[in-house]
Amino acid sequence: MAWLAAARRYTALAATPAGRQADRALGAAIAATAREEARDAVVGPIVQMASRAASQAAVADDATERLAEPALAAALALLVADRLDPTQRDVLTSAFAAALPDPRRVQSARLEGPDPSPTPDQAGDGPAGGSSEGSA
(Lines give C-alpha, C1' and ligand atoms only; values in the text may rest on other atoms or scores of the structure.)
Protein backbone atom coordinates (compact mmCIF):
# COMPACT_ATOMS: atom_id res chain seq x y z
CA MET A 1 0.00 0.00 0.00
CA ALA A 2 1.33 3.43 -0.98
CA TRP A 3 0.48 5.04 2.38
CA LEU A 4 2.45 2.44 4.34
CA ALA A 5 5.45 2.72 2.04
CA ALA A 6 5.33 6.51 2.29
CA ALA A 7 5.18 6.31 6.08
CA ARG A 8 8.24 4.04 6.19
CA ARG A 9 10.21 6.33 3.85
CA TYR A 10 9.19 9.45 5.75
CA THR A 11 9.98 7.98 9.18
CA ALA A 12 13.51 7.13 8.05
CA LEU A 13 14.04 10.49 6.37
CA ALA A 14 12.57 12.57 9.21
CA ALA A 15 15.20 11.16 11.57
CA THR A 16 18.07 12.52 9.47
CA PRO A 17 19.63 15.97 9.91
CA ALA A 18 18.20 17.01 6.52
CA GLY A 19 14.73 15.82 7.56
CA ARG A 20 14.83 17.70 10.85
CA GLN A 21 16.09 20.85 9.13
CA ALA A 22 13.38 20.65 6.47
CA ASP A 23 10.71 20.20 9.15
CA ARG A 24 11.93 23.29 11.03
CA ALA A 25 12.04 25.28 7.79
CA LEU A 26 8.49 24.17 6.98
CA GLY A 27 7.14 25.44 10.30
CA ALA A 28 9.03 28.72 9.92
CA ALA A 29 7.79 29.22 6.35
CA ILE A 30 4.16 28.66 7.35
CA ALA A 31 4.47 31.17 10.19
CA ALA A 32 6.42 33.71 8.13
CA THR A 33 3.80 33.70 5.38
CA ALA A 34 0.78 33.67 7.70
CA ARG A 35 -0.53 30.51 6.02
CA GLU A 36 -1.69 28.87 9.23
CA GLU A 37 -5.31 28.99 8.06
CA ALA A 38 -4.39 27.16 4.85
CA ARG A 39 -2.37 24.65 6.89
CA ASP A 40 -5.32 24.03 9.16
CA ALA A 41 -7.62 23.55 6.16
CA VAL A 42 -5.61 20.60 4.81
CA VAL A 43 -5.07 18.76 8.09
CA GLY A 44 -8.60 17.34 8.45
CA PRO A 45 -8.95 15.94 4.93
CA ILE A 46 -5.49 14.37 5.03
CA VAL A 47 -6.16 12.76 8.42
CA GLN A 48 -9.45 11.39 7.03
CA MET A 49 -7.65 9.90 4.02
CA ALA A 50 -4.98 8.41 6.29
CA SER A 51 -7.66 6.93 8.53
CA ARG A 52 -9.30 5.25 5.54
CA ALA A 53 -5.92 3.98 4.37
CA ALA A 54 -5.20 2.57 7.84
CA SER A 55 -8.58 0.81 7.87
CA GLN A 56 -8.04 -0.67 4.42
CA ALA A 57 -4.55 -1.85 5.35
CA ALA A 58 -5.87 -3.34 8.61
CA VAL A 59 -3.09 -1.73 10.62
CA ALA A 60 -3.17 -0.71 14.28
CA ASP A 61 -5.62 1.97 15.36
CA ASP A 62 -2.78 4.36 16.19
CA ALA A 63 -1.38 4.14 12.64
CA THR A 64 -3.49 7.02 11.30
CA GLU A 65 -1.08 9.66 12.60
CA ARG A 66 1.93 7.76 11.25
CA LEU A 67 0.26 7.49 7.83
CA ALA A 68 -0.89 11.12 7.82
CA GLU A 69 2.48 12.62 8.70
CA PRO A 70 4.22 12.18 5.31
CA ALA A 71 1.12 13.36 3.43
CA LEU A 72 0.87 16.43 5.66
CA ALA A 73 4.56 17.17 5.18
CA ALA A 74 4.18 16.93 1.40
CA ALA A 75 1.01 19.01 1.24
CA LEU A 76 2.36 21.70 3.53
CA ALA A 77 5.67 21.81 1.66
CA LEU A 78 3.71 22.49 -1.53
CA LEU A 79 1.71 25.14 0.32
CA VAL A 80 4.89 27.10 1.08
CA ALA A 81 7.08 25.84 -1.76
CA ASP A 82 7.74 29.44 -2.76
CA ARG A 83 9.46 29.95 0.62
CA LEU A 84 11.38 26.69 0.97
CA ASP A 85 14.76 25.82 -0.41
CA PRO A 86 14.16 23.31 -3.23
CA THR A 87 16.17 20.69 -1.33
CA GLN A 88 13.97 21.12 1.74
CA ARG A 89 10.84 20.91 -0.40
CA ASP A 90 12.14 17.74 -2.00
CA VAL A 91 12.91 16.16 1.39
CA LEU A 92 9.40 16.92 2.63
CA THR A 93 7.65 15.68 -0.51
CA SER A 94 9.87 12.68 -1.26
CA ALA A 95 7.69 10.09 0.49
CA PHE A 96 4.88 10.89 -1.97
CA ALA A 97 7.09 11.97 -4.89
CA ALA A 98 5.56 9.47 -7.30
CA ALA A 99 2.12 11.05 -6.77
CA LEU A 100 3.21 14.68 -7.10
CA PRO A 101 3.96 16.81 -10.17
CA ASP A 102 7.58 17.49 -10.99
CA PRO A 103 8.21 20.93 -9.41
CA ARG A 104 10.57 21.84 -12.25
CA ARG A 105 7.60 21.65 -14.63
CA VAL A 106 5.23 23.68 -12.49
CA GLN A 107 5.23 27.25 -13.76
CA SER A 108 4.77 28.91 -10.39
CA ALA A 109 4.34 27.60 -6.89
CA ARG A 110 3.44 31.07 -5.57
CA LEU A 111 -0.04 31.58 -4.25
CA GLU A 112 -2.23 34.20 -5.86
CA GLY A 113 -2.58 37.54 -4.12
CA PRO A 114 -0.26 39.78 -2.18
CA ASP A 115 2.52 38.43 -0.04
CA PRO A 116 1.32 38.62 3.58
CA SER A 117 4.87 38.87 4.95
CA PRO A 118 5.69 42.28 6.38
CA THR A 119 8.08 44.38 4.38
CA PRO A 120 11.07 45.90 6.22
CA ASP A 121 9.26 49.23 6.58
CA GLN A 122 6.25 47.42 8.15
CA ALA A 123 8.33 45.30 10.50
CA GLY A 124 8.20 47.65 13.45
CA ASP A 125 9.25 51.21 12.71
CA GLY A 126 6.53 52.14 10.24
CA PRO A 127 3.73 54.67 10.64
CA ALA A 128 1.85 52.42 13.07
CA GLY A 129 4.18 53.60 15.81
CA GLY A 130 6.02 50.35 16.41
CA SER A 131 9.61 50.22 17.47
CA SER A 132 12.58 48.48 15.98
CA GLU A 133 13.32 46.61 19.22
CA GLY A 134 14.17 43.00 18.74
CA SER A 135 15.45 43.38 15.22
CA ALA A 136 18.60 41.44 14.59
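Among the numbered conditions (1) at pLDDT 75 or above; (2) of a type in the set (S, T, Y); (3) loosely packed, with under 15 Cβ neighbours inside 10 Å, tell me where T64 comes up short.
Among (1) at pLDDT 75 or above; (2) of a type in the set (S, T, Y); (3) loosely packed, with under 15 Cβ neighbours inside 10 Å, T64 violates only (3).
Within the stretch 64-93, work out how many residues are more than 18 Å from G27 (Cβ to Cβ) and touching a residue at least 24 places away in the same chain (Cβ under 8 Å).
2
Which of the residues belonging to the stretch 13-26 are in a helix (DSSP H, G or I), at pLDDT 95 or above and out of contact with any Leu (no Cβ under 8 Å at 6 or more places or on another chain)?
P17, A18, R20, Q21, R24, listed by residue number.
So, A81, is that one modelled with pLDDT under 90 and either touching a Cys at 6+ places or on another chain (Cβ under 9 Å) or not aromatic (F, W, Y) (or both) or not?
Spelling it out, it is not the case that A81 is modelled with pLDDT under 90 and either touching a Cys at 6+ places or on another chain (Cβ under 9 Å) or not aromatic (F, W, Y) (or both).
Could you figure out which of (1) modelled with pLDDT under 85; (2) aliphatic (A, V, I, L, M); (3) farther than 16 Å from R9 by Cβ isn't true of A41?
For A41, the exception is condition (1).
Hey, could you check the stretch 17-39 for residues that are under 11 Å from the mean Cα position of the chain (by Cα) and exposed (fewer than 12 other Cβ atoms within 10 Å of the Cβ) and say which is nearest to A7 (Cα to Cα)?
R24
The values are calculated or read from the model by the stated rules, or taken from the named source; none is laboratory data. Quantities reported herein were computed from a predicted structural model and do not represent experimental measurements. Note that we place each Cβ from the backbone using ideal geometry, even for glycine, and neighbour counts take in every protein chain shown.
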